[in-house]
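> Before anything else, here's the structure in question.
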Amino acid sequence: MADSNSISVINLGSQRVGGAVFSKTSGGDLILKRYEFVEMDGDPSVDVSRLPQMKAALSELVSRLKIRGQKVWCTVPGHPVFSRFVKLPPVHGDKLAQIVEFEARQNVPWQLDEVSWDYEVVSGGEGGEVEVVLAAMKREPLNEWHDETASCGVGVSGIDVGPLALYNAFRYSYPDVDEPALVIDLGARSTNLVFVEGERFFTRNLLVGGAAVTNAIAKEFGIPFAEAEVQKCSQGFVALGGAVEDHPDEGVNAMSKVMRNSMTRLHAEVMRTITFYRSQQGGSAPKRVFLAGGGSAAGYVAEFFTEKLKTPVELFNSLRGVQLDRSVKADAAAVDAPTLGELTGLALRGMGACPCEIELVPDAVASARDAARRAPALVLSGLCIAAALGAAIFWCKQADAAIQDRTVAYQSENATLGALAGQIRGLEAQQQELNIRGAQLRQAVTDRSWWVRLLNTLNQQFDNDLLWLTVIEPLKDDKPTTSSLWGSNSERSERSKAGDTPKSNAAPVYALRMQGLYRRNNEGEQKVVYDFAAKLAKLEEFGITDFESNRDKYVKVDSGVDEDRYAYKFEIKMPLRTPLQFK
């Protein structure tokens, strides 16, 4: 079981993850009990491979520190975090949050609902100008880093920002530094600059780090990144300026010059930031410079910055105000102290109040905190529900007796209503019979206008006067159901008998036969007939879907080959989809 005074912290670096376990004394001091680092392979600027490597490194780190199941504070590097120092007019405390949110909407390059953001007052107040620092990070990568950390068996209490955690560690470790100071945190992917001047501070992230130096070495010597990283860490140093003796190994000597060129580019960025801090932020030039981060371990890097900045440069001792547990080796801790700054700052967050308490909250942590905040209300609601259920049970028992009395009365009334229901069912049967008769009458009225509607529809299909209909007659099982208008009486009798001849029990098939004439034209001769028939086939009265493939089945047309004829016959016969019930 974890000690209640134990504070577990994890630094999610770009090239390696670090973790430590601290405890606090009754006097409020920190004690370092153990710490570990786990390196990650490859170029830290390649984001595609970092999450899987981070998960593996976190699993190993949690196992080494034996903190599975514990709550931890984490910190993210400075490069994925947008930070901006903003000066505000004098405002009262209740209006400050509103104005800061307005400034965040103006300065943060993303929509606020897409980021997790926070702010901290840097200086000012009590009627004067107020300066705040804004920090924002996209929710998607923040949630991914949180999920990878939580998947290793630890609970995330909160997430801090690397350079701000480093500022807290500096204030704790160097309370005696009064002059303006600069902390240069040499990371793998980027470099963080932290200016400290009294109670005021300023940070900036430079996208130049140890990976840039490694890439320069790999490019210069034509070797892979991993091999260049090994060579840099094992033999690399920053070449000194002036008249100094070269290293006897030509390869090492060439590598030191490549490292100096890369560090010179970083120095230019540092000087540009110092100029910006002095001109735009009203700060002072740093009188002391501290080197932190993994890059501070490179040979002669302190001497390089001393030469360039012309200011005393020393390694940042993040354990200056931290006591060491007996299990921690003092010599090793002294060597690793410059790289433990973020971890020390996170431990201070775990203790309580810090100079800067900016926090980026992942969605999962926000949901957990919201649930914890509502837990007392939920418990009270549960008690209220239980009391309500008890009252309901008592009421139900009292009401049961009354229900039994009412049941007897309802049964008596039910018998009376049952007799009435029988009468109603008889009336409903009569109503159904009348509805059937009425439906027949309504159908008869509808059928009376059937021919009118059909003929009107056929008339609307004519596009020109190139054809006309002379005969429209219904067919039943392919035989006419009406007498011929120009046939003899015997023919009419035969047609009538043919229409009335009973067949098998199969339903009769009704069709409509249309005969007519079309005259000679320049529209394709018989084409006008086929076009007219195609339009008829699409009508809902016929609904023929295979007309184009079987049109000869439905249309017969005389060919117009006689020059002395004015018109030619055609016949169209189509089945009716819902025919009138012919008698």
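> How much length is gained if the chain between residue 473 and residue 66 is pulled fully straight, taking 0.36 nm per residue apart and subtracting their Cα-Cα distance, in nm to one decimal?
Full extension of this stretch gives 136.8 nm more.
> On full extension of the chain, what length is gained from residue 401 through residue 220, given 0.36 nm per residue of separation minus the C-alpha to C-alpha distance?
Roughly 55.5 nm would be gained on extension.
> Quote the charge dipole size of the chain about the Cα centre in Debye, to the nearest 20; the model charges only the Cβ of Lys and Arg (+1) and of Asp and Glu (-1).
For the chain, the charge dipole is close to 1760 debye.
> For the chain, what is the accessible area per residue in Å², given a 1.4 Å probe and the full set of protein chains?
The answer is 55 Å² per residue.
> Something else about it: How far apart, in nm, are two points set 7 Å out from the Cα along the Cα-to-Cβ line at residue 367 and at residue 424?
About 5.2 nm, to one decimal.
> Another question, if that's okay. Taking a spot 7 Å from the Cα of residue 230 along the direction of its beta carbon, which residues of the stretch 247-273 have an amide N less than 18 Å from it?
Within reach of a label on residue 230, which here means backbone N under 18 Å from a point 7 Å along Cα→Cβ, the stretch 247-273 contributes 251-252, 255.
> Reachable aspartates and glutamates from residue 287, Cα under 15 Å, same-chain residues fewer than 8 places away excluded?
176, 178, 179, 197, 307, 314
> Could I ask something else about it? How about residue 573: which lysines have a C-alpha closer than 18 Å to its C-alpha, ignoring those fewer than 8 places off in the same chain?
Partners within reach: 476, 479, 527, 535, 538, 553, 556.
> Calculated from the structure, mean projected area of the Cα convex hull in nm² equals which of [x] 61.0; [y] 28.9; [z] 24.3?
Structure-derived value, by its label: [x].
> What FRET efficiency comes out for residue 245 versus residue 276 if R0 is 35 angstrom and r is the Cβ-Cβ distance? Round to the nearest 0.05.
Once rounded, the FRET efficiency stands at 0.40.
> Using a basic spin-label model with each label point 7 Å from the Cα along Cα→Cβ, how many nm lie between residue 107 and residue 571?
9.4 nm
> What's the FRET efficiency of residue 285 with residue 261 using the Cβ-Cβ distance as r and R₀ = 30 Å, to the nearest 0.05?
Efficiency for this residue pair is about 0.75.
> A follow-up question, please. Could you tell me what percent of the accessible area of the chain is made up of carbon and sulfur, with a 1.4 Å probe and every protein chain present?
The value for the chain is 52 percent carbon and sulfur by accessible area.
> Right, another one. Quick check: the distance between the Cα centres of the stretch 117-146 and the stretch 165-233, to the nearest angstrom?
Measuring centre to centre over Cα atoms gives 21 Å.
The values are calculated or read from the model by the stated rules, or taken from the named source; none is laboratory data. As the structure is a computational prediction, the values presented were derived from the model and not from experiment. Glycine also receives a Cβ, built like all others from the backbone with ideal geometry; neighbour counts cover every protein chain displayed. The area values use the complete protein model at the heavy-atom level, side chains included, leaving out ligands, DNA and RNA. Shrake-Rupley method; radii C 1.70, N 1.55, O 1.52, S 1.80 Å.
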